[in-house]
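To start, the structure under review is shown below, and the notes come after it.
The values are calculated or read from the model by the stated rules, or taken from the named source; none is laboratory data. This one's a predicted model, so the numbers in the text were calculated from it and none came from an experiment. Ideal geometry is used to build each Cβ from the backbone, glycine not excepted, and the neighbour counts take in all protein chains shown. In case anyone asks, the SASA skips ligands and DNA or RNA and just uses the protein heavy atoms, side chains included. Shrake-Rupley method; radii C 1.70, N 1.55, O 1.52, S 1.80 Å.
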Amino acid sequence: MQTFIDFISLNDPNVLFVVIGMILLGISSATIGTFAFLQKRALTGDAIAHSVLPGVCLAFILFDTRNLWVLLGGAFVTGWLSIVCVDIITKHSKLKADTAIGLVLSVFFGVGILLLTFIQQSGNAAQSGLNNFLFGKAAAMHPDDIKTMGIVSLLIIIIVLTFFKEFKLLSFDPAYAKSTGLPVTVLQLLLTTLTVLAVAAGIQAVGVVLMAAMLITPAAAAKYWTNNLRKMIFLSILFAVAGSVIGAYVSYTDNKMPTGPWVVMMISCIAVLSILFAPKKGIIPKYIIRKKYVNKMLRENILKELYHLEEKNPGKKIFSIHDITSERAMKSSDYKLGFRMLTRKHLVNKVVTGYGLTNEGQVEGKRITRIHRLWEMYLTQQLQIQGDHVHEDAEGIEHIITPEIERKLIELLDKPEKDPHEKIIPY
Amino acid sequence: MQIPAIEVHDVTVSYNRKPALWGIDFAVPEGKLVGIIGPNGAGKSTMIKAMMDLNKLDSGYIKLFGKDIQDVRDRVAYVPQRGSVDWDFPASVLDVVLMGRYGKKGLFKRIQKSDKEMALACLEKVNMLPYINRQISQLSGGQQQRVFIARSLAQEADLYFMDEPFAGIDATTEKTIFDLLLKMRAEGKTILVVHHDLQSAYLYFDWIILLNTQLIASGPKEEIFVPEYLQKTYGGKIDLLTKVGEMLGELQVPPREK
């Protein structure tokens, strides 16, 4: 608990630095990641992330320093080279982009691991900490490193703000963008460069292996909540920042714990929750909407059958379950549920001998019967569909027709008295 | 002689070495409503993309208003095929139409109120005003098409390239678009429309380009709608040309010695 208070009170200047760094990283990677996601270049981000490792190691071997600017330079070079390789392979061979990405990713990462092992075995004193680049270690960063990371992140944010509308058009419709004279090739190059930079900026805090998740997962989660690009970017930033600050906290409390996996776990949790619960698009809200509709159909069908029974048996008001199920076959679990809902809504009265419609229930039953028969009339008269084919269709449509459409139907059909089966349409 | 709106001279374009267009020559005068007609795979879309420099030419040249496309970009507008983009993109109808202003604005300039008013006026022309704030993922096919056309109108161009604007849309949209095309022609705009339905083509256009990898015919519709040309366009591909084209694709050699 004390460590938690220490962490959030930001009294320790080192913690303050780390948190600011993580926030900037979250902002830059989520922003650029949203565009990568919308361009369907998620895998490209992964290829870049894995391919910066050999660059970092080479820079370390060549310049014998842990200065982050130097390592970033190395990361940038090989990250870029990997994208060039993917482009060359897809352009000049029969291999498709996903294969090319898979190939390049594993070759570059393999070389990176090779170089890393070489550095470790050479026993170079300064190498301590270099393997943090695999999975990240936010707490182990020097204030200088965090400054570097912050500057790179800020640069990315400024460039994206400057070219926001161009990047938006490029992501939505590149062919059209080119036709309007926008320098599409240059802009795409810029966007790819920024992706490489965003990945490179995160290698120390999150690590190369998991940086791709920092780019793509926040955007994927945000897409579930909004259909507005600005809001989507804002939400991805929120998710990424939340994930990375929590990751930094874990790394602060236990310095054996790598940051990257925690960041990714947190962001992935947010993504899973979004997929499940986001309004409208989430799996569970969708299921609930569907379930509500099924229940509505069930209620309306029972009301309609009760109304039919009243029509057939003038004067009789109470009908047994048997009467109702012989009118319309229903599972017992269904009609039990249906009657429970209907009595709760005071549309149906339950008495010892069975069920009867209340006044409101009768109005409802009449309305559904009316819509059903009007729709049958519409199909036979206006669309010339055979009378024996229209019932099934009306069974489905009767539950969705609004009062407005009903009025239009009545107007269009000139308030008919009987339906195609010579049944009276009740008004 | 007046400079034609479009001049295409000896143009060959190939995909993966296999020619999609072969030695195309034609010119279109200004102010015409032009239909590019031909069967599937005839190279119709390739043709208009080539005119906007979206496809590389293997041979020949294309002049718009007597100039290179790069010099007249601001006079040219493009309506891509509806299916060429992902409509699940997070944007509203107004957002998409505003994209039509980006080219005019250039880099670094922000969208202003006047651009918004312009976009709204364009949306009105295609009867889409009630939908300005709707998410594009919720539009029907016909509405998507009208949004794309409104976006091209926002470019205030003189020459319009439309790729299959009549494909898979409802009757109301079809009428809206056709009426709009007539109005645009009356304003002196030149409009090239890729179209695959022969029946409606005669009704819609006043200038026809018949295409099937090679140019079959180009001119006023009365001269072009003759059985001989139509037979040539639709009566199966020209055997020898197809065969040689496939050979180029297999051998991976360019169609011209360059």
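Table: residues versus (1) away from chain A (no Cβ under 12 Å); (2) touching a strand residue (DSSP E or B) at 6+ places or on another chain (Cβ under 9 Å).
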| site | (1), (2) |
| --- | --- |
| B:Trp22 | yes, yes |
| B:Ala27 | yes, yes |
| B:Asn40 | yes, no |
| B:Phe89 | no, no |
Scanning segment B:66-83 for residues that are in contact (Cβ under 8 Å) with a residue 40 or more places away in the chain and open to solvent by 20 Å² or more (accessible area, probe 1.4 Å), which turns out farthest from the other protein chains (Cβ to nearest Cβ)?
B:Gly66
For segment B:47-62, check the following and say yes or no: at least one residue is more than 23 Å from B:Ile191 (Cα to Cα), within 12 Å of chain A (Cβ to nearest Cβ) and modelled with pLDDT under 95.
no
Being touching a Leu at 6+ places or on another chain (Cβ under 6 Å), open to solvent by less than 40 Å² (accessible area, probe 1.4 Å), farther than 22 Å from A:Asp173 by Cα and β-branched (Val, Ile, Thr) narrows B:Val28, B:Val34 down to just B:Val34
If you take the residues in segment A:234-254 that are under 17 Å from A:Ser153 (Cα atoms) and within 14 Å of chain B (Cβ to nearest Cβ), which one is surrounded by the most Cβ atoms within 10 Å (Cβ to Cβ)?
A:Ser236
Output the qualifying pairs, or none if there are none: Cβ atoms under 6 angstrom, residues six or more apart or on different chains, first residue in segment A:313-332 and assigned by TED's automatic domain parsing to the domain that holds A:Leu357, second residue of a type in the set (Gly, Ala, Ser).
A:Lys317/A:Gly356; A:Ile318/A:Gly354; A:Ile318/A:Gly356; A:Phe319/A:Gly354; A:Ser320/A:Gly354
Looking at A:Gly396, is it open to solvent by 20 Å² or more (accessible area, probe 1.4 Å) and either within 18 Å of A:Arg328 (Cα to Cα) or within 39 Å of the chain's Cα centre (by Cα) (or both)?
yes
Some residue of segment B:132-145 being among the basic types (Lys, Arg) and more than 11 Å from chain A (Cβ to nearest Cβ)
no
Among the candidates A:Thr193, A:Thr217, A:Thr180, A:Thr226, single out the residue that is under 29 Å from A:Ile20 (Cα atoms) and either aromatic (Phe, Trp, Tyr) or at the interface with chain B (Cβ under 8 Å from one of its Cβ atoms) (or both).
A:Thr226
Mind checking which pairs have a first residue in segment A:176-195 that is open to solvent by less than 10 Å² (accessible area, probe 1.4 Å) and a second that is in a loop (DSSP other than H, G, I, E, B), Cβ under 6 Å, 6 or more apart or different chains?
A:Tyr176/B:Pro80; A:Ser179/B:Met52
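Can you go through A:Ala140, A:Ala125 and tell me which one is modelled with pLDDT under 85 and closer than 22 Å to A:Leu210 by Cβ?
Among A:Ala140, A:Ala125, only A:Ala140 is modelled with pLDDT under 85 and closer than 22 Å to A:Leu210 by Cβ.
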Could you check, for segment A:210-225, whether at least one of its residues is touching an Asp or Glu at 6+ places or on another chain (Cβ under 7 Å), in the same structural domain as A:Gly150 (by TED's automatic domain parsing) and touching a residue at least 40 places away in the same chain (Cβ under 8 Å)?
yes
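Conditions tested, residue by residue: (1) of a type outside the set (Asp, Glu); (2) in contact with a strand residue (DSSP E or B) (Cβ under 9 Å, 6 or more places away or on another chain).
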| residue | (1), (2) |
| --- | --- |
| A:Glu300 | no, no |
| A:Glu311 | no, yes |
| A:Ile321 | yes, yes |
| A:Phe339 | yes, yes |
| A:Lys350 | yes, yes |
| A:Gly354 | yes, yes |
Given (1) touching a residue at least 24 places away in the same chain (Cβ under 8 Å); (2) not in a loop (DSSP other than H, G, I, E, B), identify the lone condition not met by A:Thr65.
(2)
Given (1) under 21 Å from A:Phe109 (Cβ atoms); (2) open to solvent by 40 Å² or more (accessible area, probe 1.4 Å); (3) among the hydrophobic types (A, V, I, L, M, F, W, C), number of the condition A:Ala49 does not satisfy:
(2)
In segment A:357-382, which residue that is farther than 19 Å from A:Ile302 by Cβ and not hydrophobic (A, V, I, L, M, F, W, C) is most open to solvent (accessible area, probe 1.4 Å)?
A:Gln381
Yes/no for A:Lys366 being modelled with pLDDT of 90 or more, out of contact with any Lys or Arg (no Cβ under 8 Å at 6 or more places or on another chain) and over 20 Å from A:Tyr293 (Cβ atoms):
yes
Evaluate the following for A:Leu105: is it in the same structural domain as A:Arg66 (by TED's automatic domain parsing), aliphatic (A, V, I, L, M), buried (at least 18 other Cβ atoms within 10 Å of the Cβ) and under 22 Å from A:Leu62 (Cβ atoms)?
no
Taking segment B:91-109, which residues are more than 8 Å from chain A (Cβ to nearest Cβ) and outside any helix (DSSP H, G or I)?
B:Gly106, B:Lys109
Taking segment A:198-233 as the region of interest, how many residues are surrounded by fewer than 24 Cβ atoms within 10 Å (Cβ to Cβ) and over 14 Å from the mean Cα position of the chain (by Cα)?
2
